[in-house]
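The values are calculated or read from the model by the stated rules, or taken from the named source; none is laboratory data. What you are looking at is a predicted structure, and each value in this text was computed from that prediction instead of being measured. Cβ: placed from backbone, ideal geometry, glycine included. Neighbour counts: every protein chain shown.
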Amino acid sequence: MNVTQGANKILFINTLAFTFCFAAWLLNGILVTFLVDNQVFDWSGVEIGWLIGIPVLTGAIFRLPAGVLTDKLGGKPVFTSLLLICAIPMYLLSYANNFWSFALCSLGFGIAGASFAVGIAFSSIWFPKDKQGVALGIFGAGNAGAAITTLVGPKLLDFLTDDKTNLNGWREMPKIYAAFLVVMAIAFFFTTKNKKPASSTKSLTAIMQPLKSIRVWRFGLYYFLVFGCFVAFAGWLVPYYTNVYALDLATAGLLASCFSLPSGIIRAFGGWLSDKIGARKVMYWVLGSSLVFSAALIVPKMDVYSAGKGIMAKSSGVITDVTDTYVELEGVKYVIKGKTDKLANVNDEFHVLPVKESWQKAIIKKGDVVKKKQLIVEGKTHIFFQANLWIFAIIAIIMGSIWGIGKAAVYKHIPDYFPEEVGVVGGMVGVLGGLGGFFCPIIFGYLLEGTGLWSSCWILMLVLAAICLIWMHRVVQKMADKATPQLINKFEENID
């Protein structure tokens, strides 16, 4: 077997194992929504946010030590052990009876999220530098495991609970997931060959040295957005669709999987594109697009009645006549704009942009004495924004795909700048990205409680995208200024 064949085999097994882990990691997005919707447990929006986020927290925290262990011991023993360890709390989840026991088990099986740091380090050492972008992009396609859970999960729960007639049947689902993790661990152990990077002989202090670089933390912030927010929405979109658009869990899961699946698959394209035109150019496009689409999704679905343009008396006097079409004041007629049926069937129509109707209504009666500039006819405005389901779903899928490309671009930077420390640097970047997946659902929950708007979660995306874009552009500007100081002088000399 030549090196290329061996590398491709390792990449395939790594990607498959990561897919299993990712599916397990995001189990709560479907399972918690099912349990709350069917009143098995009475958890608040904040508690739902915590339960969706807790496994992500564990996965984030353990990414750094998992990456370090992979650099020291190689991927085979670390990945096999991780799969077996995660299977235990996953199985115990089937016995959870309250929020705290559910949270504790979720904290345990969340270690599955650390598989990313293991797989990135173990995959990269099998490929030359010019192929690492594509290889890591292909490995990252394991994110599609989120789609497995959101797509298959609702149907599996319906089957296990006999179409919700035996709700206690949900407890079989964690057992099935635990069994798959054990089977994957056995397959991984017997089909892979171990390999360590050259840095495996370094001391722990030397291995951790790259973490002093601000560049690592900047990459981590990018990953907080493109990966952490992806993970957050992979779970959050299910209750989003059920609440905002009144969809059943199976349909909501299907649309959520449409968000997750392309993101995983297109990540390989993101790796190839980063190899081809450079990761920095790709990130400019990713962050700029995230900014635009987040702004588009902030506007909530709404049906608002508000004060509109009224009519004030131009002079003092006595109202001599009042009808549905005009008000007469001392011989002067003020025309009233009547109400139509323009928005009567608006819920059944298709609208991309907000639509409105304005009308007026007299608030005085014949014989009333009014003063100059007194309001005699009040204005009413009805604004309706459909936030059309299919437009929302398409933009969400585009966002997921953009973030998939961004995930590959972020990790393309790592072997370029830290070729011998991919495990520790990739682990730390993964930690920060995973923390995004943990904190975002919790913040989403508080934003929802505070504003009452499900669309408030996109405000956070807008802010994060803006911060990342500004920081990256400033760094690029400083690099350009440092590299070409004489060019800056020429620009200054030519300024009018």
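Taken over the range 360-378, the criterion of being surrounded by fewer than 17 Cβ atoms within 10 Å (Cβ to Cβ) and within 50 Å of the chain's Cα centre (by Cα) is satisfied by Lys361, Ile363, Leu375, Glu378.
Scan (1) surrounded by fewer than 24 Cβ atoms within 10 Å (Cβ to Cβ); (2) under 30 Å from Asn194 (Cβ atoms); (3) not acidic (Asp, Glu) for the single condition Leu35 breaks and write down its number. Result: Leu35 passes all but (2). Going through (1) surrounded by 24 or more Cβ atoms within 10 Å (Cβ to Cβ); (2) over 20 Å from Leu297 (Cα atoms); (3) of a type in the set (Phe, Trp, Tyr) one by one, Trp403 falls short only on (2). Taking each residue of the range 354-367 that is of a type in the set (Lys, Arg) and looking for partners that are part of a strand (DSSP E or B) and surrounded by fewer than 17 Cβ atoms within 10 Å (Cβ to Cβ) with beta-carbon atoms closer than 8 Å, six or more apart or interchain, yields Lys356/Thr381; Lys356/Ile383; Lys361/Glu378; Lys366/Thr320; Lys366/Asp321. Answer yes if at least one residue in the range 288-309 is surrounded by 13 or more Cβ atoms within 10 Å (Cβ to Cβ), part of a loop (DSSP other than H, G, I, E, B), within 44 Å of the chain's Cα centre (by Cα) and charged (D, E, K, R), and no otherwise. Yes, because at least one residue in the range 288-309 is surrounded by 13 or more Cβ atoms within 10 Å (Cβ to Cβ), part of a loop (DSSP other than H, G, I, E, B), within 44 Å of the chain's Cα centre (by Cα) and charged (D, E, K, R).
Of the set (1) modelled with pLDDT under 85; (2) over 24 Å from Gln132 (Cα atoms); (3) not charged (D, E, K, R), all apply to Gly270 but (2).
Scanning the range 39-92 for residues that are basic (Lys, Arg) and either crowded, with 23+ Cβ neighbours inside 10 Å or not assigned by TED's automatic domain parsing to the domain that holds Phe439 (or both) yields one hit, Arg63. The condition (being surrounded by fewer than 15 Cβ atoms within 10 Å (Cβ to Cβ) and of a type in the set (A, V, I, L, M, F, W, C)) is satisfied by just one residue among Ala480, Ala408, Ala387: Ala480.
Considering the range 141-169 alone, what residues qualify as being among the charged types (D, E, K, R) and in contact (Cβ under 8 Å) with a residue 60 or more places away in the chain? Write out each step before concluding.
Of the range 141-169, the ones among the charged types (D, E, K, R) are 155, 158, 162-164.
Listed by number, the residues that qualify are Lys155, Asp158, Lys164.
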